[in-house]
1. For the range 72-88, which positions are assigned to a loop (DSSP other than H, G, I, E, B), under 16 Å from the mean Cα position of the chain (by Cα), surrounded by fewer than 20 Cβ atoms within 10 Å (Cβ to Cβ) and of a type in the set (Gly, Ala, Ser)?
2. From Asp91, Asp145, grab the single residue that is on the phi > 0 side of the Ramachandran plot and surrounded by fewer than 16 Cβ atoms within 10 Å (Cβ to Cβ).
3. Listed residues Arg138, Arg120; which is over 15 Å from Leu48 (Cα atoms) and buried (at least 16 other Cβ atoms within 10 Å of the Cβ)?
4. Being farther than 15 Å from Ile79 by Cα and either outside any helix (DSSP H, G or I) or in contact with a strand residue (DSSP E or B) (Cβ under 6 Å, 6 or more places away or on another chain) (or both) is true for just one of Ala170, Ala165. Which residue is that?
5. When you check Leu158 against the structure, is it within 23 Å of Tyr62 (Cα to Cα) and in a strand (DSSP E or B), yes or no?
6. Of all residues in the range 123-134, how many are surrounded by fewer than 22 Cβ atoms within 10 Å (Cβ to Cβ) and either touching a Pro at 6+ places or on another chain (Cβ under 8 Å) or small (Gly, Ala, Ser) (or both)?
7. What number of residues within the range 94-111 satisfy the criterion of being surrounded by fewer than 21 Cβ atoms within 10 Å (Cβ to Cβ) and in a helix (DSSP H, G or I)?
8. Only one of Ile99, Ile107, Ile115 is β-branched (Val, Ile, Thr), within 26 Å of Leu193 (Cβ to Cβ) and in contact with a Phe, Trp or Tyr (Cβ under 9 Å, 6 or more places away or on another chain). Can you tell me which?
Amino acid sequence: MGGRNNKAAGVTFDWPALQAAWMPNDPWQPDVETPRYYGVKYDVAKRLQPGTILEIGVRSGYSALAFLMACPRAKYFGIDANNSEWGGGPDFYEHAIKILEPYNAMIYVEDSQRITEPIRGYEFWHLDGDHGFGGALRDLRLAGDSGARWILLDDYDLISDVRQAGDAFAFQNKGKYTSEYVTDGGYRGNLLLTRAT
C-alpha cells in the first residue's frame, strides 16, 4: 500500500510513514481501506490548518499522527480513557506518546464523560471516544461548549448511535454550526461541524 495522492488539494498523504508508526502488537492491523481512512483525516486537517487540536479517543495515536503530519506546527492535546471499550486497549496511549514525540503533543488519561468544565483554546476537535448515543452526544456538547471552531465526528457511517448523536447535535445547534458529511468511501465516515461566523 503506497502513498495516497490528493491532486485536487495539491498535497500528498504519506501512508507509508504512518504505517511505519503502527504498534506491532495492535490487534487492529491495517487493511486495504486504512490508507484512505487516515488520508481523509490528513486531508481535513490540511484544508483547515488548525493551530490547535484536541482529540477525544487517542488509542494508539494514528489519527493524531495524520493530523500532525498535515499541520506539523499545531499544538495537540489528546484525551484517552485508557480502557478496552470502543476499540481501545490498556496503555495503548503510551504508543501514541512515543510516535507523537516529534510534535507539540500531550496526552491526558481521563474519561471524557467525567469532564464537566469546558476546555478552551482548541480550534479543531476530533471525536472518536464513546460510541454510544449519550456518550457521543456528550462529547459533542463538550466540544461545542468549549468554543470549537471545527468538530470532526468519527465513525458516522459505521455506528448508528454515533450518527444519531451527530445529527441530534447538528439539529440542536442549527445556526451555530453547519454540518458537512466527509466520506472515506463508506468505510467509517465523518461528520464535520463548522461554527458559523
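1. If the condition is that a residue be assigned to a loop (DSSP other than H, G, I, E, B), under 16 Å from the mean Cα position of the chain (by Cα), surrounded by fewer than 20 Cβ atoms within 10 Å (Cβ to Cβ) and of a type in the set (Gly, Ala, Ser), then Gly88 is the only one that fits.
2. After ruling out the rest, the residue left standing is Asp91.
3. Only one candidate passes the filter, namely Arg138.
4. Of Ala170, Ala165, the one residue that is farther than 15 Å from Ile79 by Cα and either outside any helix (DSSP H, G or I) or in contact with a strand residue (DSSP E or B) (Cβ under 6 Å, 6 or more places away or on another chain) (or both) is Ala170.
5. In short, no.
6. 3
7. 4
8. Ile107
Values quoted throughout were computed directly from the atomic coordinates according to the rules given, and no laboratory measurement underlies them. Since this is a predicted model, take the numbers as computed values, not measurements. Note that each Cβ is placed from the backbone with ideal geometry, even for glycine, and that neighbours are counted across all protein chains shown.
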